[in-house]
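Take a look at the structure set out below.
Just so it is clear, none of the values below were taken in a lab; they were calculated from the coordinates. Worth saying up front: this structure is predicted, and the values here are computed from it rather than measured. Don't worry about glycine lacking a Cβ; one is built from the backbone with ideal geometry, like all the others, and counts go over all protein chains shown.
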Amino acid sequence: RNRGVPIQRALVSVFAEIAYSAVAAAAASSLILGWIAAAGVFLGLAALLVLAFAVRGRVTSLRGAGRLDRQNVLAALRAGPVAVVLYLLVWGMYGIAFWATGRALFAVPASDIPRYIGVFALAWLAGLVAFFAPGGIGVREAVIAALLTGRLGQADAIVLAATSRIVLSGIDLVAGAASFGLPARRRREPRPVGAGQ
């Protein structure tokens, strides 16, 4: 509101961000699942998205948001291909960071990087669909431990899963705290923001 972004546009943007990140994570999970299984995950996510748009023609979480504006939805759909490609890069970086955490703790070979990318992406997806677990806590770690037990052993896989959660939570906390210390920008008058911006 302070920046002149309509509420409905912001909600569509958040929904699209989650959806495109999930689609890219499904694609990244093909590194361990194989393409056929990853395609199944992808199709399942796509079906959920279509169902969400078809069943809900309204944004019901906020009063007065009204029916979904076609322009907002089309702008989100147009952004999809580029967003998915960029999220693939993000999942690659997350996976490499996850592998580096494993490498710091155990003798994990560089040849395992694709596997670690796939494991992290699939674990994140499991945490996303486990709506009962805030931030996928516990679910993501269980998936990581299950998928890496064969490579690391159960105890080491659990240690890596827990360490990864601690490292990522620490980064979030430090970055969040640092953002409060940044000097506030000059307040500007709100200006209208077009769809797709």
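What's the whole-number percent of alpha carbon pairs in region 103-174 lying beyond 20 angstrom?
Values: 679 of 2556 pairs.
Above the 20 Å cut-off, region 103-174 has 27 percent of its Cα pairs.
Order the peptides 25-33, 77-85 from the highest to the lowest mean number of other Cβ atoms within 10 Å of their residues.
On the way: 25-33: 22.6, 77-85: 13.6.
Highest-to-lowest ranking by the protection proxy: 25-33, 77-85.
What does the extension gain come out to for VAL159 and LEU89, with contour length at 0.36 nm per residue minus their alpha carbon separation? Walk me through the numbers on the way to the answer.
On the way: separation 70, 0.36 × 70 = 25.20 nm, distance 2.62 nm.
Extra length available between VAL159 and LEU89 comes to 22.6 nm.
What order do you get for 119-127, 173-181 when each peptide is scored by the mean count of other beta carbon atoms within 10 Å, highest first?
Details: 119-127: 25.2, 173-181: 8.6.
The densest-packed peptide leads the list: 119-127, 173-181.
So what are the ³J(HN,Hα) numbers for region 82-92, from phi and the Karplus equation (6.51, -1.76, 1.60; θ = phi - 60°), rounded to whole Hz, Gly and Pro as x?
5, 4, 5, 4, 5, 5, 4, 5, 4, 5, x
Where does each of 132-139, 158-165 land if you order them by average Cβ count within 10 Å, highest first? The partial results should precede the final answer.
Details: 132-139: 14.1, 158-165: 19.2.
Ranked from most to least packed, the peptides come out as 158-165, 132-139.
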